[in-house]
Each structure stands twice: as structure tokens, then as C-alpha cells.
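Novice: Below are the C-alpha cells for one structure; questions will follow.
The values are calculated or read from the model by the stated rules, or taken from the named source; none is laboratory data. Keep in mind it's a predicted model, so treat the numbers as computed, not measured. Heads up, the Cβs are rebuilt from the backbone with ideal geometry, glycines too, and the neighbour counts pull from every protein chain shown. Only protein heavy atoms, including side chains, enter the accessible area calculation; ligands, DNA and RNA are left aside. Shrake-Rupley method; radii C 1.70, N 1.55, O 1.52, S 1.80 Å.
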Amino acid sequence: QVQLVESGGGLVRPGGSLRLSCAASGNIFSINTMGWYRQAPGKQRELVATVTSGGSTNYADSVKGRFTISRDNAKNTVYLQMNSLKPEDTAVYYCNADVISSSRIPRIQRNYWGQGTQVTVSS
């Protein structure tokens, strides 16, 4: 089994910054894409940003230029640096990872979610 544990959420004023972390642990051979998603009350879960094992990134238009995703492959950890936060960024943020647990061929990839961390942007 694989566990994803997020940390770093909280309450911040508009214009402020937060840094989220997500550490993957358990039965891990390798991790392909890691990412962050968010879900605001009454809305569907949406993509925030993803990063591949090679470092290629993808962002939602709403966060481009404000958020930065990065990862430490040695630590199986992904980060989300959030700057210039807005009230509309308020949501539960979820970590996601595509994990291969065994070196056996064929390589089988499974998708995992973290439990979520609350980010509230309010004055």
C-alpha cells in the first residue's frame, strides 16, 4: 500500500503565501506524475498543477504565475508554493500520485490520493 500525507495548509490573508507538502510512503518502486488538485465547497475537484518525474510541469490557468509545483524524487515528496493568494483559492487541496510499486514486468501503475489539507484565504 501507498500513503500520501499532506501538510502546510491553514488560514492566510489575501496576498499571502503558503507552502504545501505531500510525502508518499509505503510500497514504492517509482512515482510518475505527482500533482495537486483542489475542491471548493459546492464545486467539483479541479486540477491545480502537476509535475512529472522528469520535472515537466502543468498548471491551471487560474494559478499560473502565482503557484509553483516542485518535487524531490529522493524523498518522494511534492510541494506547492502558493503566492499572491486570493479568496477564490480557498479549498481543500489534495495530493495525487501515479505510483509503481514493483519492479516486475509489466510495470503496474496505480493512482493514489491524499486525505486533503484545508487552505482558507480570508481577511
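Novice: Which translational diffusion coefficient, to the nearest whole µm²/s, is obtained for segment 78-123 from the Stokes-Einstein equation, given a Kirkwood hydrodynamic radius over C-alpha pairs, 4 °C and 1.567 mPa s?
Specialist: Taking Rh from Cα pairs, D becomes 98 µm²/s.
Novice: Per 5 Å bin from zero, what fraction in whole % of the C-alpha pairs of the chain is there, up to the bin with the longest pair?
Specialist: 2, 12, 23, 24, 18, 11, 6, 3, 1, 0, 0
Novice: For Cα pairs less than 8 Å apart in space and 6+ apart in sequence, what is the mean separation divided by the residue count of the chain, i.e. the relative contact order in percent?
Specialist: After rounding, I find 36 percent.
Novice: How about Lys43: which lysines have a C-alpha closer than 30 Å to its C-alpha, ignoring those fewer than 8 places off in the same chain?
Specialist: Partners within reach: Lys64, Lys86.
Novice: Rg (Å, one decimal) plus Dmax (Å, integer) for the alpha carbons of segment 55-100?
Specialist: 12.0, 36
Novice: Suppose we flag trypsin sites (Lys or Arg not before Pro) only when DSSP calls them loop and at most 14 other Cβ atoms lie within 10 Å. Which is the longest uninterrupted stretch of the chain?
Specialist: The reported range is 1-42.
Novice: Could you size up the charge dipole of the chain around its Cα centre, putting +1 on the beta carbon of Lys and Arg and -1 on that of Asp and Glu, and report it in debye to the nearest 20?
Specialist: 100
Novice: Still on this structure, please answer the following. Could you tally the net charge around Ile100, taking each other residue with its Cβ under 12 Å from the Cβ of Ile100, Lys/Arg +1 and Asp/Glu -1?
Specialist: Within the 12 Å Cβ shell, the charges total +2.
Novice: Sticking with this structure for a sec: Write down the accessible area per residue of the chain in Å², having rolled a 1.4 Å probe over the full set of protein chains.
Specialist: 54
Novice: May I ask you to give the percent of accessible area on the chain that is carbon plus sulfur, with a probe radius of 1.4 Å?
Specialist: Roughly 46 percent of what the probe reaches on the chain is carbon or sulfur.
Novice: Residue by residue through segment 47-53, what is 3J(HN,Hα) from phi via Karplus (6.51 cos²θ - 1.76 cosθ + 1.60, θ = phi - 60°)? Round to whole Hz and write x for glycine and proline.
Specialist: Running phi through 6.51 cos²θ - 1.76 cosθ + 1.60 with θ = phi - 60° gives 5, 9, 6, 9, 9, 7, 4 Hz.
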